[in-house]
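Written out below as structure tokens is the structure these notes cover.
What follows draws every value from the coordinates through simple rules; no lab data is involved. All values derive from a computational prediction rather than experimental measurement. Every residue, glycine among them, receives a Cβ derived from its backbone with ideal geometry; neighbour counts consider all protein chains shown.
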Amino acid sequence: MEFQEIIQKLEKMLTQPLPGRVGQMMMSPQPVDETRFAEGALKNPRKGAVLMLFYPEDNQTLVPFIKRPSYDGVHSGQIAFPGGKWEEQDVDLSMTALREAEEEIGIDPKKVRLVGKLSDLFIPPSNFLVSPFIGFMEETPLFKPDPYEVDRIINCPVNQLTDVSIRKEGKITVREQYQLKAPYFDIENEMVWGATAMMLGEFMYLWENS
């Protein structure tokens, strides 16, 4: 699909009711942590937002992911969308997504047009309720990754992202301590799993049913 066709499809599909849990469950680790879906029972979760960004380059449409550096934390080395926690200066969570994307990968937020958002998703290990926003740029960004927050940027073509053959399942080692069984997206030989995969699961549900 051409870039403008993809943007038109995004705009159309995000006018539909969000599938929420139905889409997110497609890529949920097993056994399912039901606290992810008990939003009414959450006690003072931290608020955060991420950005799923679409942009054109060399007759392709790409989506950037980041690989977190290795550190002593729950998300060490994981693949994610650029994003982070809400701060008081943020007017709303869409501004959080844009600000964090600027800080982490250097995009110009003034050049991003937001199309809409997916369902919020609770991340139990870090007590974050995350809002995933979808946007696009008309030009190829000049990426400037923050070395403290980003090990590398992975730019995934949309035609690869939407290919069902990259959806797999396997055992994932968490913090070198224990293993769990989880579906994941195989992107550039990286396992995109957990919350990011669940957000992508909802996105794919909408993409395939619109």
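Just want the answer: with Cβ charges of +1 for Lys and Arg and -1 for Asp and Glu, which residue in Asn44, Pro82, Gly116 is farthest toward the dipole's positive end in the stretch 1-153?
Asn44
Pairs Lys110/Lys144; Lys117/Lys171; Lys9/Lys168; Lys43/Lys171; Lys85/Lys171; Lys117/Lys168: which are spaced more than 22 Å apart, C-alpha to C-alpha?
Among Lys110/Lys144; Lys117/Lys171; Lys9/Lys168; Lys43/Lys171; Lys85/Lys171; Lys117/Lys168, the Cα-Cα distance tops 22 Å for Lys117/Lys171; Lys9/Lys168; Lys43/Lys171; Lys85/Lys171; Lys117/Lys168.
From the phi of every residue in the stretch 110-122, what ³J(HN,Hα) in whole Hz does the Karplus formula 6.51 cos²θ - 1.76 cosθ + 1.60 yield, where θ is phi - 60° and glycine or proline is x?
5, 9, 9, 9, 7, 9, x, 9, 8, 5, 4, 9, 8
What list of ³J(HN,Hα) values in whole Hz, one per residue of the stretch 81-96 in order, does the Karplus curve 6.51 cos²θ - 1.76 cosθ + 1.60 (θ = phi - 60°) give from phi, with Gly and Pro shown as x?
Taking θ as phi minus 60°, the curve returns 7, x, x, x, 7, 5, 10, 4, 6, 6, 4, 7, 6, 5, 5, 4 Hz for the stretch 81-96.
Amide H to amide H, which residues 5 or more places from Val115 or on other chains are under 5 Å from it, using H placed in the peptide plane?
Counting only residues 5 or more places away or on other chains, the set is Ile134, Gly135, Phe136.
Kindly write out, for the stretch 9-15 in residue order, the coupling ³J(HN,Hα) from the Karplus curve 6.51 cos²θ - 1.76 cosθ + 1.60 (θ = phi - 60°), rounded to whole Hz, with x marking Gly and Pro.
5, 4, 4, 5, 5, 7, 8
With contacts defined as alpha carbon pairs under 8 Å and 6 or more residues apart, what's the relative contact order of the stretch 32-173 in percent? Working shown, then result.
Working: 267 pairs, mean separation 45.4, N = 142.
Reported relative contact order: 32 percent.
On the Cα set of the stretch 83-210, report Rg and Dmax in Å, please.
Cα only, the stretch 83-210: 15.5, 43 Å (Rg, Dmax).
Taking amide H atoms as placed 1.01 Å from N in the peptide plane, list the residues 5 or more away in sequence, or in a different chain, whose amide H sits under 5 Å from that of Gly77.
Amide H neighbours of Gly77: Arg68, Ser70, Tyr71.
Using the crude model of +1 on Lys and Arg Cβ and -1 on Asp and Glu Cβ, and no other charge, please compute the dipole size for the chain relative to its Cα centre, in debye to 20.
Working: 22 positive and 32 negative charges, 123 e Å.
Dipole of the chain, to the nearest 20 debye: 600 debye.
Please list the non-local residues whose amide H lies under 5 Å from the amide H of Cys156, H modeled 1.01 Å from N, same-chain partners needing a gap of 5 or more.
Distant-sequence amide H within range of Cys156: Val63, Phe65.
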